[in-house]
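Written below as structure tokens is the structure these notes are about.
The values are calculated or read from the model by the stated rules, or taken from the named source; none is laboratory data. All values derive from a computational prediction rather than experimental measurement. Here the Cβ positions follow ideal geometry from the backbone for every residue, glycine too, while neighbour counts run over all protein chains shown.
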């Protein structure tokens, strides 16, 4: 895959998650509540663990979380540095999809931008981006989850991958506002699976994420 930024290595830890049915409304409601309240990463992860009935297990260690945040920051910085963001972009989207390489599936992330804002078209604002660098990120922590759980239902994938990525973006996106906010006064930030719900994390301005 062109522009792949992978942090894969031999993983020894297994994180086994019960592949049980969770009502979509519970997952969707939790993620939207976390966005609205701008919860901290750790508090958000604790809420995800509670919904997973994972209270007494370690869903993500401090070192795994630190590495995941560093991977996200390195990826975002590299994409924005090497691919100039057009001035007419109104929305940035961190997309999630499952890529396949040598018959192995990977949870993969990319960054795209649209000249349409979610306020102009709430359903399809990110469908036809004009900014689409051919660079992709495969987070090492997501690889641990994926390799430990070959089959997770869609609700669980959104809760874990989308939920944790939302939290990281909420807490780190302002680091890049000088690379994102230029002639435009505001840019909407979204995140989600290409095949599912897109979560609007807020509107990035010179004053921060609102």
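Within region 98-108, identify whether any single residue is more than 26 Å from residue 18 (Cα to Cα), in contact with a strand residue (DSSP E or B) (Cβ under 6 Å, 6 or more places away or on another chain) and outside any loop (DSSP other than H, G, I, E, B), and answer yes or no.
The answer is no, given that none of the residues of region 98-108 is more than 26 Å from residue 18 (Cα to Cα), in contact with a strand residue (DSSP E or B) (Cβ under 6 Å, 6 or more places away or on another chain) and outside any loop (DSSP other than H, G, I, E, B).
Determine whether residue 163 is farther than 20 Å from residue 91 by Cβ, modelled with pLDDT of 95 or more and within 16 Å of the chain's Cα centre (by Cα). Don't jump to the end; show me each part of the working.
Numbers: farther than 20 Å from residue 91 by Cβ: yes; modelled with pLDDT of 95 or more: yes; within 16 Å of the chain's Cα centre (by Cα): yes.
So residue 163 fits the description; yes.
Take region 132-146 and flag every residue that is over 14 Å from residue 99 (Cβ atoms) and either touching a helix residue (DSSP H, G or I) at 6+ places or on another chain (Cβ under 6 Å) or not in a loop (DSSP other than H, G, I, E, B) (or both).
Residues satisfying the conditions are 133, 140, 141, 144, 145.
Considering only residues that are closer than 19 Å to residue 203 by Cβ and buried (at least 21 other Cβ atoms within 10 Å of the Cβ), which ones fall in region 78-111?
Within region 78-111, 89, 91, 92, 93, 94, 111 qualify.
Is it fair to say residue 170 is surrounded by 14 or more Cβ atoms within 10 Å (Cβ to Cβ), modelled with pLDDT of 95 or more and under 17 Å from the mean Cα position of the chain (by Cα)? Reasoning before the result, please.
Working: surrounded by 14 or more Cβ atoms within 10 Å (Cβ to Cβ): yes; modelled with pLDDT of 95 or more: yes; under 17 Å from the mean Cα position of the chain (by Cα): yes.
Yes: the conditions hold for residue 170.
Of all residues in region 113-145, how many are within 20 Å of residue 31 (Cβ to Cβ), touching a strand residue (DSSP E or B) at 6+ places or on another chain (Cβ under 6 Å) and surrounded by fewer than 21 Cβ atoms within 10 Å (Cβ to Cβ)?
So the answer is 1.
Mind listing whichever residues of region 27-58 are under 12 Å from residue 159 (Cβ atoms) and in contact (Cβ under 8 Å) with a residue 60 or more places away in the chain?
27, 28, 30, 31, 34, 44, 45, 48, 51, 52
Report the residue count in region 70-97 for those that are assigned to a strand (DSSP E or B), in contact with a helix residue (DSSP H, G or I) (Cβ under 8 Å, 6 or more places away or on another chain) and closer than 19 Å to residue 130 by Cβ. Give the derivation first.
Keep residues of region 70-97 that are assigned to a strand (DSSP E or B), which gives 91-97.
Checking which are in contact with a helix residue (DSSP H, G or I) (Cβ under 8 Å, 6 or more places away or on another chain) leaves us with 92, 94, 96.
Next, only the ones that are closer than 19 Å to residue 130 by Cβ stay: 92, 94.
Qualifying residue count, region 70-97: 2.
Check region 178-190 and report whether any residue there is crowded, with 17+ Cβ neighbours inside 10 Å, within 10 Å of the chain's Cα centre (by Cα), in contact (Cβ under 8 Å) with a residue 24 or more places away in the chain and not in a helix (DSSP H, G or I).
Yes: one or more hits.
Just the residues that are part of a loop (DSSP other than H, G, I, E, B) and under 12 Å from residue 170 (Cβ atoms), please, taken from region 21-49.
Across region 21-49, the qualifying residues are 38, 39, 40.
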